[in-house]
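Each value in this text was obtained by applying a stated rule to the coordinates, not by laboratory testing. Just so we're clear, the structure is a prediction, and the values are computed from it rather than from any experiment. Here the Cβ is made from the backbone with ideal geometry for all residues, glycine too, and neighbour counts use every protein chain on show.
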Amino acid sequence: MTKFKVIGAKQLFGDINISGAKNSLLPLICASLLSRSVILRNAPKLRDAEILLDILSSIGITGDWDPSGEVLYINAKQIGHDVKLLQGLVSSIRYSTILMGALIGAGCKKLEIAYPGGCSSFGTRPIDIHLVGFEALGADISILKNSIVISCESLNKQVQHTLRFPSVGATLNLILASAAVEGSVTLHNIATEPEVIDLIDFCVKLGFQFRFLKERSLEITPPMSLRTALLEHSVIPDRIETLSFMVLGTLLCKDRLEIKGANIAHTKQPRDFLRSMGVPFDIFEDRIVVYRSEKLNARRLTVDVYPGIGTDYQPLIAAVMSYANGVSEIIDPVYPKRFAYLDELTKMGLQSTHLDGLANIVGDPSLSVNGDFELECHDLRAGFNSLIFALLNDGKTVLTKAEQILRGYYSVVDKLRSIGADIETIN
């Protein structure tokens, strides 16, 4: 178990660079199975990415980062018709789910895979929506005690399928699996997050054709044969990391914090929400300058699918609500149990209540934290919330299960030290 030791109450200053998005990098690694050789740029060497590559190594896929830790070289051989992925690593990350669609798209006729990761502090991520989609393509699904078997001997030539929910993972999976379909695949009620568009851009380079029939309806025409020459692609900037440092800046910066390499368009909705709370910032072409805020307003946040404000943002926005004037409310119907981090913060004096899907946070502009604390990082974004409060604490905080943060924030300790934070990793 990895721990962070943080000595807080330091005013942060300077600039910080945004890395490539975890939620884009991992599907792109899976998509590399459709090619022979891929170079991914702006590809941060994250814990989850290393685990995914370890899983792929068992079927002959190799991945190596250059010394910068942000350029990834992937070499894929021809995928066999019968693949088994039953090692324990499969169950340690949820993005192993996307390997199902990628392997189908790469020509696998029978796949047996251990149940992918997905359990967390805020409940189980269902995969039935993925499996129903594969069945619509013509696959046969068998659910065993410890694994899932997918048989793809004869897929349908024309597919029309409507997702019951605009799931990002299921959308990614079905786009990749469509490579094995001889005709066209039309998907309705799909997710349209930037990470989905990034995968579409990658697949265009492989020869796919895409046509949006309307906002959430996509017609996919897979290539007759996949292009196997070297494919290069740059991972989009991480929009959730961008907001994370905006929150950090408004609560902790000395006067201003400059966030470089952001995709401005991808962060519009949560930025607008922070603006409504009183967070001051300026926007430039690919950077955001955020200023320390002295007055924050309580607000109600309702989590929604993109282009609404996604569930991953709510633990970050909750940190701002903790210093707002009044009671803020969070409604999260997507992952209604995603409030364990609030129980951790009661140790530091934050007042809140929560039930399934609903939390009330009693903001206190004068909230002062002073003492020695130990906080548990329940999941990736909850972990960054705890990290923010550790930096606010005028004392020492030990964050346990800090590997959760390392799953999605590249070089986070070095980045925070570069702007004045006192943080170190302990084991």
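Here Lys84 is the anchor, and the lysines within straight C-alpha reach of less than 20 Å, apart from those fewer than 8 places off in the same chain, are Lys109, Lys110, Lys145. By the rule of a C-alpha distance below 14 Å, with chain neighbours fewer than 8 residues away ignored, the aspartates and glutamates paired with Lys205 are Glu232.
Within the chain, DSSP assigns beta bridges of which about 70% are antiparallel (rounded to the nearest 5).
Restriction of the chymotrypsin sites (Phe, Trp or Tyr not before Pro) in the range 267-327 to DSSP coil positions whose beta-carbon has at most 16 other beta-carbons within 10 angstrom yields Phe284.
Here the range 291-347 and the range 255-286 have alpha carbon centers that stand 17 Å from each other. By DSSP, the beta bridges lying fully in the range 277-424 are antiparallel in about 65 percent of cases.
Where both partners of a DSSP beta bridge lie in the range 65-161, what percent of those bridges are antiparallel, to the nearest 5? Write out the running numbers ahead of the final one.
Working: 12 of 16 bridges.
Antiparallel bridges make up about 75 percent of those DSSP assigns within the range 65-161.
Considering the values (1) 64, 45, 42; (2) 63, 49, 44; (3) 83, 48, 42, which represents Cα extents along the principal axes in Å as calculated for the structure under consideration? Computing Cα extents along the principal axes in Å and matching it to (1) 64, 45, 42; (2) 63, 49, 44; (3) 83, 48, 42 gives (1). Helices in the chain, meaning DSSP H runs of at least 4 residues, each add -39500 (n - 2.57). Divided by all residues, the mean residue ellipticity at 222 nm is -8500 deg cm²/dmol. For Lys295, the aspartates and glutamates whose Cα falls under 15 Å of its own Cα, not counting residues fewer than eight places away in the same chain, are Asp255, Asp364.
Mind checking which helices in the chain clear 18 Å along their axis (Cα) and have mean Kyte-Doolittle hydropathy of 0.5 or more, DSSP H runs only?
On the way: long enough: 239-252 (20 Å, 1.29); 380-392 (19 Å, 1.52).
Helices passing the filter in the chain: 239-252, 380-392.
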